[in-house]
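Below you'll find the structure, written out as C-alpha cells, and then a few comments.
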Amino acid sequence: MLRTAMQLRRDALRIWTAGLAAVRSPRLIHQAVQVEQNLLALGDWQFDLDRVRRIAVVGGGKAAAGMAVALEQALGPRLLREKRLQGIVNVPADCLLPTDAIRLHPARPPGVNEPTLAAAAGAEEMLRLVAELDAPDLCLCLLSGGGSALLPAPIDGVSLADKIELTQALSAAGATIAELNAVRRELSRFKGGGLARACRAGSLVSLVLSDVLGDDLSLVASGPTVLRKPTPAAAADVLRSLELTPSPAIQRALAVLDRLAKSATFDLPAMNPHVAAAPRNAHGCRINNYLLANNATAVDAAGLEALRLGYSHAMVSATAPEGPAEEVACRLAAIALRMRREDGPDCLISGGEPTVRLAPPVVRGRGGRNQQLCLAALAQASDWPGLALVSGGTDGEDGPTDAAGACVDEHVVAAACRLRLDPADYLARNDAYSFFEQTGGLLMTGPTHTNVCDLRVITVSR
C-alpha cells in the first residue's frame, strides 16, 4: 500500500505508543492486585486479610512510582488504614507522584542512572523496615528496571563512590545488563537476594516489571528478592574480561570479590520439587516473585495496533543480549530495504536492548542506545523514501538525555543533507542527540512509569 512519509511516521509512532500503553505500570498493577472481601490476590497468590496484621511496601525502579500509586488504589483506603500500610520506594526525582501511605523517595536526578547518597539512604531504610516486620505481617516489593542504580547498599570494603566508578567503567566498556548486574549484586547487601534474606515478615511478594531479555528475575534490579547462591568469582571474571582501565576502585572490588569467593557458604533453602510452595528464608519468610509484564508484552500490543492500522506485520522480541547498537541497526536497515522491494510484511516490530561502546569523554556527545541505533540505521541506508523507523526506550529515558529515542524517515534525512551533517561523525562521538535535535527526529515522551527494554517499529510503503 502506498503511504506518504507523514503517514508512515505517524503510524510508526502510533504502533510504538500502543506497545508502551500495554506495559504502563498502573494498568499492570490493577490487573495483578485484587481485593475481594477478606481476600487479597497478588498475582498467583492469595492472602487471608484477617491473618495479616500490617502491610509494608518497599522497592524501586523507573516504574515504581506508578506501581506504588496503583497499589494504593487497588488496596483502597480501608486496607491502607486497617493494615497500617507504610513503605518507602526509591524512584528517579522526575517520577514523583502523590501518594497516601507509601513514601516515594527521590533517589537520583533525572537522566543520571547511577547510585547516589540519597538512593543509599533509602535502601538502608528499606532494609531496616523489612527487618522489623514479624510473621503476621505482609511485605510487598515493587521492582522494575532502573532499580539497580536506585537501590545501592555497598558491602564492607567497597564504598558508594567505588560502585559509581565501577558502574561508569562497565557502561563505558559496553557491558551487558547481565554483566553489570553480575558485579553489582555481589557487591551489595540489598541486591542478589539481600532484601529477601533480611525480611522477617510472614510473606514477601515481589511484583516485577522485567527490563531483562529472557526475564531472569535475578537480573531485574539485580534481583533483591530472588534467593540465590552468591557468585563472586563470576563477578570478578566480568571485571577482568572487559579489560577495564585499572583503578583503585576496581582493585578494591576485585579484592573483595576474591575474598568472598574463598569464604562463601550461603545455602539456598531446601525445596521439594513435588510441592508448589514458595521458598523460605532463614527467618521463615515465604518469598514470592511475580512477573507483571515484559518486552514481549509491548511487542504483542504493538502488533495488534499495526493490524488495526492495516499493516501486515512481523514481530520479534529478543530473549538474549543483542550486541552493539550499530550491528542491530545494520540488520534492521537491511530488513527495511528488503520489505520495501519485496512482497510480504510491511511493518516490523521488534524489542530488545543493544549496547553502546562509549567514545572517550573528551569527544563524547549526548545520546543513548536508541538514538545511536537510529543514527546507525540512517548511515547504513541513506535512501529512506517509503520507510520510517521509530526506536525508543519504554522508560522514556534513553541514556543521559531527555529523549526516549529517535525517529528516521525521508524528512530527517533531507534535513541532515540540507544542514550538511555527517552521520558517521556524530556516530563516532556518540552524539546522536545533537544530530536528531537539529533534524527533528527526537522521540520525546517524558517519564512513562514503566520499563521493559526498547521497542522499535519500521513501517514501509511500496
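The values are calculated or read from the model by the stated rules, or taken from the named source; none is laboratory data. All values reported here derive from a predicted model rather than from experimental measurement. Every residue, glycine among them, receives a Cβ derived from its backbone with ideal geometry; neighbour counts consider all protein chains shown.
No other residue among Ala334, Ala314, Ala320 is surrounded by fewer than 20 Cβ atoms within 10 Å (Cβ to Cβ) and modelled with pLDDT under 95 apart from Ala320.
Conditions (1) without any contact (Cβ under 8 Å) to a residue 60 or more places away in the chain; (2) under 17 Å from the mean Cα position of the chain (by Cα), marked per residue:
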| residue | (1), (2) |
| --- | --- |
| Arg364 | no, no |
| Gln372 | no, no |
| Val408 | yes, no |
| Asp454 | no, yes |
| Arg462 | no, no |
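Checked against the criterion of being under 22 Å from Gln438 (Cα atoms), of a type in the set (Gly, Ala, Ser) and in contact (Cβ under 8 Å) with a residue 60 or more places away in the chain, the range 305-326 contains not a single residue that satisfies it. Scanning the range 178-222 for residues that are in a loop (DSSP other than H, G, I, E, B) and closer than 24 Å to Ala255 by Cβ turns up Leu187, Arg189, Phe190, Lys191, Gly192, Gly193. Residues that are more than 18 Å from Leu389 (Cβ to Cβ) and touching a helix residue (DSSP H, G or I) at 6+ places or on another chain (Cβ under 8 Å) within the range 341-362 comprise Thr355, Arg357, Leu358, Ala359, listed in sequence order.
Condition check ((1) part of a loop (DSSP other than H, G, I, E, B); (2) in contact (Cβ under 8 Å) with a residue 60 or more places away in the chain; (3) within 23 Å of Asn288 (Cα to Cα)) across all residues:
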| residue | (1), (2), (3) |
| --- | --- |
| Gly111 | yes, yes, no |
| Glu114 | yes, no, no |
| Ala121 | no, no, no |
| Arg128 | no, no, yes |
| Leu133 | yes, yes, yes |
| Cys139 | no, yes, yes |
| Ser148 | no, yes, yes |
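Just one of the listed residues (Ala41, Ala107, Ala64, Ala70) is buried (at least 22 other Cβ atoms within 10 Å of the Cβ) and farther than 30 Å from Ile349 by Cβ, namely Ala107.
The criterion of at least 1 residues that are of a type in the set (Ser, Thr, Tyr) and more than 22 Å from Glu305 (Cβ to Cβ) is met by the following helices (runs of 4 or more DSSP H) wholly inside the range 336-448: 423-428, 432-439. Every condition in (1) over 26 Å from Val23 (Cα atoms); (2) in contact with an Asp or Glu (Cβ under 7 Å, 6 or more places away or on another chain) is met by Gly192 except one, and the failing one is (1).
Looking across the range 236-263, just one residue is closer than 13 Å to Asp162 by Cα, without any contact (Cβ under 8 Å) to a residue 24 or more places away in the chain and within 28 Å of the chain's Cα centre (by Cα), and that is Leu254. Number of residues in the range 293-316 that are outside any loop (DSSP other than H, G, I, E, B), over 15 Å from the mean Cα position of the chain (by Cα) and either farther than 19 Å from Arg3 by Cα or among the small types (Gly, Ala, Ser) (or both) equals 10.
In the set Gly66, Gly59, which member is modelled with pLDDT of 95 or more and either more than 25 Å from the chain's Cα centre (by Cα) or part of a helix (DSSP H, G or I) (or both)?
The unique qualifying residue is Gly66.
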